[in-house]
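S.K.: To start, I am sharing the structure in question, which I have written as structure tokens.
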Amino acid sequence: MKRSTKQRLTHVPLYLVLLGVAAFLYFRTDWAAIGANFFAPEGMGRPWAGEWGTWPDLITIGAFNTIKYTVIAFGGGLALAVVLALMRLSPLRLYRWMGTSVVEFFRSLPVIVVVLTLAFGVPIAFNWQWPGGSIQAGLVALILVGGAYMAETLRAGIQAVPKGQTEAARSLGMSSGRTMITVVLPQAFRIVIPPLTNEFVLLLKDTSLLFVAGMMIDQRELATMANAMTVQGATAGTSTSFTQAAMLYLVITLPLTQLVSWMERRQQRAR
Amino acid sequence: MKTDDTTVAAIEIRDLHKSFGKNEVLKGIDFHVDQGEVVCVIGPSGSGKSTLLRCVNRLEEPDSGQVVVEGIDITDPETDLDQVRTRIGIVFQQFNLFPHMTVLKNLVVSQRKVLKRSKAQAVEVARKNLAKVGLEGKEDAYPAHLSGGQQQRVAIARALSMDPDMMLFDEPTSALDPELVGDVLEVMRKLADEGMTMMVVTHEMGFAREVGDKLVFMDDGVIVEEGDPAEMLANPQHERTQAFLSKVL
């Protein structure tokens, strides 16, 4: 027997097992129930007949708000992270200590606890209302938690930039601040783009925790909206809205990760 | 601040001490470089020659002693270090080009940010210096796409673009493949011919002999011997110099 034939024969049982599992799942599954519960036409619509179901609302309100909240939380978190990372690398012990405290504190608490504390604890403690409503409290919470995580990533990135870069910049007469802005940070950001994408995706999903702060109907993001739509509206009584939300989350996240790997490839050429 | 007074030494170092932890690297160095002079510093690795060079613009903080550059004491905390540093060009063993910038940007950025030159002027100076090191046409390349020798020549052009009064070279050819050393030395020789004040820490004895005005031999944190390069290489006086030269020549 030829070697390749023999190899193919040993693969046969493997394929049979796979086929068996697939067949079992196929016959075991209640396809009608799945169709009615997760793919109800009232939600999914019939695009070929010009019916768009609940997609327009989910996209223009839910997905739009999810992206908006993520961008705010990521942008704010990144700015905070730069400050915290520089504090942790400061020659002044007090700054290092403060930076470390903030980072450790917000990394150690569950996001939902931070959201609740800011949304309900802070107004009681200071007898003060969030001017932008409790959704603002939730966003500040995401900024704090995201910033704490990203600060650690960024600090590692800054430390990964070779010391010779700083020396060269200082020798050219740049001040330490100018060196950081012009030479070190741009290289540090390039190094940490992959872990920062990770942080972006985590924040994107954490926006679904904002609901505990309470929000107006037009402030709802994807998950909260989908949750509400299981009990009211065209798809009430089914889980169709969750299927739709899941699909939208994928549509948002997958291109992003593709974009980042494209950026990484492009950057490799410049190295 | 620039002085044309040739009676002031470019670099004047007095009784310089520097330790890393318990390891005393510089044990009381007296050293000077006159304006327009090319001084080569040789010695075994660990002798303190690179540390001495790095003390000249305070990349290393001296423990005690004085470093006076063109009459300005740079160990004085009142001295504007960034200002003095613009007048001292440094070329490193590992080039240290900024990898996220094109060659042109590498040459332009500190002219713009530190000297506040206009963009047009900075680009003009950059192009002039790129031509000087024989790399015209490489403006848009990234450092990673250049050979080691080309990178080092860009680094020289970058330092020259600040119009420094003196150039310090810290083993500029030690990280290069042997066939690329010549181009870099050629550029350095040209600079010396133009009258640039230079301090060169090197292992290139040929360069030291032909281009250097003075040769300094360091060992174990002290200057053992200094003098005319050709004379010293041919006829070293001190026993440690003889031992070192017999190994490298």
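The values are calculated or read from the model by the stated rules, or taken from the named source; none is laboratory data. A quick note: this is a predicted structure, and the numbers were derived from the prediction, not measured. In this analysis, Cβ positions are derived from the backbone assuming ideal geometry, glycine residues included, and neighbour counts consider all displayed protein chains. Each accessible area value is taken on the protein alone, full model and side chains, heavy atoms only, with ligands, DNA and RNA left out. Shrake-Rupley method; radii C 1.70, N 1.55, O 1.52, S 1.80 Å.
S.K.: Quick check on segment B:145-165: of everything there that is away from chain A (no Cβ under 12 Å), within 24 Å of B:E70 (Cβ to Cβ) and buried (at least 22 other Cβ atoms within 10 Å of the Cβ), which residue is farthest from the chain's Cα centre (by Cα)?
M.R.: Out of the qualifying residues, it is B:A157.
S.K.: Could you tell me whether any residue of segment B:49-68 is away from chain A (no Cβ under 14 Å), in a loop (DSSP other than H, G, I, E, B) and either open to solvent by 30 Å² or more (accessible area, probe 1.4 Å) or without any contact (Cβ under 8 Å) to a residue 60 or more places away in the chain (or both)? Let's see the steps before the verdict.
M.R.: Keep residues of segment B:49-68 that are away from chain A (no Cβ under 14 Å), which gives B:49, B:52, B:62-68.
Add one more test, that the residue is in a loop (DSSP other than H, G, I, E, B), and what stays is B:62-63.
From what's left, either open to solvent by 30 Å² or more (accessible area, probe 1.4 Å) or without any contact (Cβ under 8 Å) to a residue 60 or more places away in the chain (or both): B:62-63.
Taking every residue of segment B:49-68 in turn, at least one turns out to be away from chain A (no Cβ under 14 Å), in a loop (DSSP other than H, G, I, E, B) and either open to solvent by 30 Å² or more (accessible area, probe 1.4 Å) or without any contact (Cβ under 8 Å) to a residue 60 or more places away in the chain (or both).
S.K.: Sticking with this one: Search segment A:39-66 for residues that are in contact (Cβ under 8 Å) with a residue 12 or more places away in the chain and closer than 24 Å to A:S208 by Cβ and pair each with any residue that is assigned to a helix (DSSP H, G or I) and aliphatic (A, V, I, L, M) when their beta-carbon atoms are under 6 Å apart and the residues are at least 6 apart or on different chains.
M.R.: Between residues of segment A:39-66 that are in contact (Cβ under 8 Å) with a residue 12 or more places away in the chain and closer than 24 Å to A:S208 by Cβ and residues that are assigned to a helix (DSSP H, G or I) and aliphatic (A, V, I, L, M), the close pairs are A:G53/A:M44; A:G62/A:L222; A:G62/A:M225; A:A63/A:L222; A:A63/A:L248; A:T66/A:L222.
S.K.: All but one of (1) over 27 Å from B:V181 (Cα atoms); (2) open to solvent by 40 Å² or more (accessible area, probe 1.4 Å); (3) not hydroxyl-bearing (S, T, Y) hold for B:K18, so report the exception by its number.
M.R.: (2)
S.K.: Right, here's the next one. So how many residues does segment A:188-200 have that are open to solvent by less than 20 Å² (accessible area, probe 1.4 Å) and within 12 Å of chain B (Cβ to nearest Cβ)?
M.R.: So the count comes out to 1.
S.K.: Also, I was wondering about something else. Report yes if B:L81 is at pLDDT 95 or above, more than 15 Å from the chain's Cα centre (by Cα), open to solvent by 20 Å² or more (accessible area, probe 1.4 Å) and at the interface with chain A (Cβ under 10 Å from one of its Cβ atoms), otherwise no. Talk me through it step by step, then tell me what you get.
M.R.: Values: at pLDDT 95 or above: no; more than 15 Å from the chain's Cα centre (by Cα): yes; open to solvent by 20 Å² or more (accessible area, probe 1.4 Å): yes; at the interface with chain A (Cβ under 10 Å from one of its Cβ atoms): yes.
For B:L81, the condition - at pLDDT 95 or above, more than 15 Å from the chain's Cα centre (by Cα), open to solvent by 20 Å² or more (accessible area, probe 1.4 Å) and at the interface with chain A (Cβ under 10 Å from one of its Cβ atoms) - is not met.
S.K.: Just the residues that are within 11 Å of another protein chain (Cβ to nearest Cβ) and open to solvent by 60 Å² or more (accessible area, probe 1.4 Å), please, taken from segment B:117-144. Outline the logic, then answer.
M.R.: From segment B:117-144, those within 11 Å of another protein chain (Cβ to nearest Cβ) are B:141-144; that's our starting set.
Within segment B:117-144, B:Y142 is the sole residue that qualifies.
S.K.: Out of B:T197, B:T241, report the one residue that is modelled with pLDDT under 95, surrounded by 20 or more Cβ atoms within 10 Å (Cβ to Cβ) and polar (S, T, N, Q).
M.R.: Just a single option satisfies the conditions, and that option is B:T241.
S.K.: Would you list the helices (runs of 4 or more DSSP H) that sit entirely within segment B:136-245 and hold 3 or more residues that are touching a residue at least 60 places away in the same chain (Cβ under 8 Å)?
M.R.: Those helices (runs of 4 or more DSSP H) span B:148-160, B:205-211.
S.K.: Using the structure shown, decide if B:L53 is modelled with pLDDT of 95 or more and within 27 Å of B:F217 (Cα to Cα). Spell out the reasoning first.
M.R.: Numbers: modelled with pLDDT of 95 or more: yes; within 27 Å of B:F217 (Cα to Cα): yes.
Judged against the criteria, B:L53 is a match.
S.K.: A follow-up question, please. Quickly run through segment B:92-134 and pick out the residues that are in a loop (DSSP other than H, G, I, E, B) and touching a Lys or Arg at 6+ places or on another chain (Cβ under 8 Å). If you could, list the steps in order and put the result at the bottom.
M.R.: Looking only at segment B:92-134, we keep the residues that are in a loop (DSSP other than H, G, I, E, B), and these are B:92-102, B:114-118, B:133-134.
Those that are in a loop (DSSP other than H, G, I, E, B) and touching a Lys or Arg at 6+ places or on another chain (Cβ under 8 Å): B:L97, B:F98, B:P99, B:H100, B:V114, B:V133, B:G134.
S.K.: Also: Conditions first: (1) in contact with a Lys or Arg (Cβ under 8 Å, 6 or more places away or on another chain); (2) within 14 Å of another protein chain (Cβ to nearest Cβ). B:E171 passes all but one, so which condition is the exception?
M.R.: Answer for B:E171: the failing condition is (1).
S.K.: In addition: Can you name every one of the helices (runs of 4 or more DSSP H) wholly within segment A:122-172 that holds 2 or more residues which are open to solvent by 10 Å² or more (accessible area, probe 1.4 Å) and at pLDDT below 95? Break it down stepwise before answering.
M.R.: On the way: elements: A:122-126, A:134-160, A:163-171.
Filter on segment A:122-172 gives A:122-126, A:134-160.
S.K.: Only one of B:V108, B:V91 is hydrophobic (A, V, I, L, M, F, W, C), within 23 Å of B:M198 (Cβ to Cβ) and touching a residue at least 12 places away in the same chain (Cβ under 8 Å); which?
M.R.: Details: B:V108 fails: within 23 Å of B:M198 (Cβ to Cβ).
Answer to the check: B:V91.
S.K.: Residues of segment B:137-187 being among the hydrophobic types (A, V, I, L, M, F, W, C), under 23 Å from B:E210 (Cβ atoms) and in contact with a strand residue (DSSP E or B) (Cβ under 7 Å, 6 or more places away or on another chain), which ones?
M.R.: Taking segment B:137-187 and keeping what is among the hydrophobic types (A, V, I, L, M, F, W, C), we get B:141, B:144, B:146, B:154-157, B:159-160, B:162, B:166-169, B:175-176, B:180-181, B:184-185, B:187.
Restricting the remaining residues to those that are under 23 Å from B:E210 (Cβ atoms) gives B:155-157, B:159-160, B:166-169, B:175-176, B:180-181, B:184-185, B:187.
Answer for segment B:137-187, where residues must be among the hydrophobic types (A, V, I, L, M, F, W, C), under 23 Å from B:E210 (Cβ atoms) and in contact with a strand residue (DSSP E or B) (Cβ under 7 Å, 6 or more places away or on another chain): B:A155, B:I156, B:A159, B:L160, B:M166, B:M167, B:L168, B:F169.
S.K.: Kindly provide the set of residues from segment A:216-251 that are in a helix (DSSP H, G or I) and either open to solvent by 40 Å² or more (accessible area, probe 1.4 Å) or of a type in the set (D, E) (or both), ordered by number. Give the steps one after another, and end with the answer.
M.R.: First, pick out the residues of segment A:216-251 that are in a helix (DSSP H, G or I): A:217-219, A:222-229, A:240-251.
Matches in segment A:216-251: A:I217, A:D218, A:Q219, A:N227, A:F242, A:A246, A:M247, A:Y249, A:L250, A:V251.
Yes or no, residue by residue, for (1) over 27 Å from A:V140 (Cα atoms); (2) touching a helix residue (DSSP H, G or I) at 6+ places or on another chain (Cβ under 6 Å):
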{"position": "A:L16", "(1), (2)": "yes, no"}
{"position": "A:F38", "(1), (2)": "yes, yes"}
{"position": "A:T60", "(1), (2)": "no, no"}
{"position": "A:M87", "(1), (2)": "no, yes"}
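S.K.: Taking segment A:173-187, which residues are more than 9 Å from chain B (Cβ to nearest Cβ) and either crowded, with 18+ Cβ neighbours inside 10 Å or not in a helix (DSSP H, G or I) (or both)?
M.R.: Of everything in segment A:173-187, those that are more than 9 Å from chain B (Cβ to nearest Cβ) and either crowded, with 18+ Cβ neighbours inside 10 Å or not in a helix (DSSP H, G or I) (or both) turn out to be A:T179, A:M180, A:V184, A:L185.
S.K.: How many residues does segment B:14-50 contain that are in contact with a Cys (Cβ under 8 Å, 6 or more places away or on another chain) and within 20 Å of B:D193 (Cα to Cα)?
M.R.: From segment B:14-50, those in contact with a Cys (Cβ under 8 Å, 6 or more places away or on another chain) are B:16, B:18, B:26; that's our starting set.
With within 20 Å of B:D193 (Cα to Cα) added as a condition, the list becomes none.
Adding up the residues that qualify gives 0.
S.K.: May I ask you to list the residues in segment B:88-118 that are closer than 20 Å to A:Q267 by Cβ, under 18 Å from the mean Cα position of the chain (by Cα) and among the hydrophobic types (A, V, I, L, M, F, W, C)? So that I can check it myself, show each step before the final result.
M.R.: Start the filter on segment B:88-118 by keeping residues that are closer than 20 Å to A:Q267 by Cβ, which leaves B:95-106, B:109.
Still in the list and also under 18 Å from the mean Cα position of the chain (by Cα): B:95-97.
Answer for segment B:88-118, where residues must be closer than 20 Å to A:Q267 by Cβ, under 18 Å from the mean Cα position of the chain (by Cα) and among the hydrophobic types (A, V, I, L, M, F, W, C): B:F95, B:L97.
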